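Trainee: I'd like to ask some things about the structure below.
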Amino acid sequence: MKRAQPERRFFEDENFEGIDFKEKGLKGPEYERCTFNDCDFSGADLSGTKFTECTFTACNFSLANLTSTSFREAKFIDSKLWGLRFDNCNQFGLSFSFDGCSLRHAMFYGTKIRKTLFRNSQLNEADFTACDLTSSVFDNCDMANATFDSTVIEKADFRTSYNYSIDPERNRIKKARFSSPQVAGLLDKYDIEIDDAN
């Protein structure tokens, strides 16, 4: 009688291509240095799954369940991450970067994600309330209606991003970097009009 093979618990240095994980589910709870290309995680239950130094390219994570999910040095490239609750992730070692991603309505409430890189991404209506973004870089990001409240953005770089609205009295912004004319987003609450001198 043939014995059933034990279920694999750990995947390392593997490539996953075009897999619909919302239908099949994940094969194991721990992935290290794996690459995921054109995979669909939308609505999938990723509770407790650990991703260490993994790269996700052209993946859809929208509305996935991230309860106690671990992302450590994860890279998201050209991916759709709508409505993700990063605040539900395992906060120990939480670290990632985003390049060319759509993070509409993503929730980062209370997370400590210093030195995070957001590049060429849509952060429309993302929530950074009570988040520590010290020394993070927002490079060419659309931040329309993103929420900053009791947020630490000290030494963060917003020079190439736009449509942000940040109240300096409600956030810690010491040594954060901004550029003109987008810096007017720091004055939105005063409802004033700013014209170029020219």
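Trainee: Tell me whether the stretch 14-26 contains one or more residues that are β-branched (V, I, T), crowded, with 16+ Cβ neighbours inside 10 Å and out of contact with any Cys (no Cβ under 6 Å at 6 or more places or on another chain). Give the derivation first.
Mentor: Filtering the stretch 14-26 down to residues β-branched (V, I, T) leaves 19.
From the residues that got through so far, the ones that are crowded, with 16+ Cβ neighbours inside 10 Å too are 19.
Checking which are out of contact with any Cys (no Cβ under 6 Å at 6 or more places or on another chain) leaves us with none.
No, the stretch 14-26 contains no residue that is β-branched (V, I, T), crowded, with 16+ Cβ neighbours inside 10 Å and out of contact with any Cys (no Cβ under 6 Å at 6 or more places or on another chain).
Trainee: Going through N60, N37 one at a time, which residue ends up being polar (S, T, N, Q), closer than 16 Å to G100 by Cβ and crowded, with 19+ Cβ neighbours inside 10 Å?
Mentor: That would be N60, the only listed residue that is polar (S, T, N, Q), closer than 16 Å to G100 by Cβ and crowded, with 19+ Cβ neighbours inside 10 Å.
Trainee: Here is a follow-up. I want to confirm something. Restricting to the stretch 56-72 and keeping residues that are among the small types (G, A, S) and within 16 Å of C34 (Cα to Cα), which single residue is farthest from the chain's Cα centre (by Cα)?
Mentor: In the first step, residues of the stretch 56-72 are kept if they are among the small types (G, A, S); the result is 58, 62, 64, 68, 70.
Within this subset, residues satisfying the condition of being within 16 Å of C34 (Cα to Cα) are 58, 70.
Values: A58: 14, S70: 13 Å.
Within the stretch 56-72, the match that is farthest from the chain's Cα centre (by Cα) is A58.
Trainee: Among the residues of the stretch 16-25, are any part of a loop (DSSP other than H, G, I, E, B), at pLDDT below 95 and of a type in the set (K, R)?
Mentor: no
Trainee: How many residues are of a type outside the set (A, V, I, L, M, F, W, C) and farther than 19 Å from L117 by Cβ if we restrict to the stretch 49-69?
Mentor: The total comes to 8.
Trainee: Show the residue pairs meeting these rules: Cβ distance below 7 Å; 6+ apart or different chains; first residue within the stretch 82-94 and over 20 Å from K115 (Cβ atoms); second residue hydroxyl-bearing (S, T, Y) and surrounded by 15 or more Cβ atoms within 10 Å (Cβ to Cβ).
Mentor: Filtered contacts from the stretch 82-94: W82/S62; W82/S102; G83/S62.
Trainee: Could you identify the single residue in T111, T134 that is surrounded by 17 or more Cβ atoms within 10 Å (Cβ to Cβ) and out of contact with any helix residue (DSSP H, G or I) (no Cβ under 8 Å at 6 or more places or on another chain)? Don't jump to the end; show me each part of the working.
Mentor: Working: T111 fails: out of contact with any helix residue (DSSP H, G or I) (no Cβ under 8 Å at 6 or more places or on another chain).
The conditions single out T134.
Trainee: Then there is this: Take F92 and tell me if it is crowded, with 18+ Cβ neighbours inside 10 Å, modelled with pLDDT of 95 or more and within 24 Å of T129 (Cα to Cα).
Mentor: no
Trainee: So, of the residues in the stretch 178-198 that are surrounded by 15 or more Cβ atoms within 10 Å (Cβ to Cβ) and not aliphatic (A, V, I, L, M), which turns out to be modelled with the highest pLDDT?
Mentor: Result: F178.
The values are calculated or read from the model by the stated rules, or taken from the named source; none is laboratory data. This is a predicted model, so every value here is computed, not measured. All Cβ positions, even for glycine, are placed from backbone atoms using ideal geometry, and neighbour counts span all protein chains on display.
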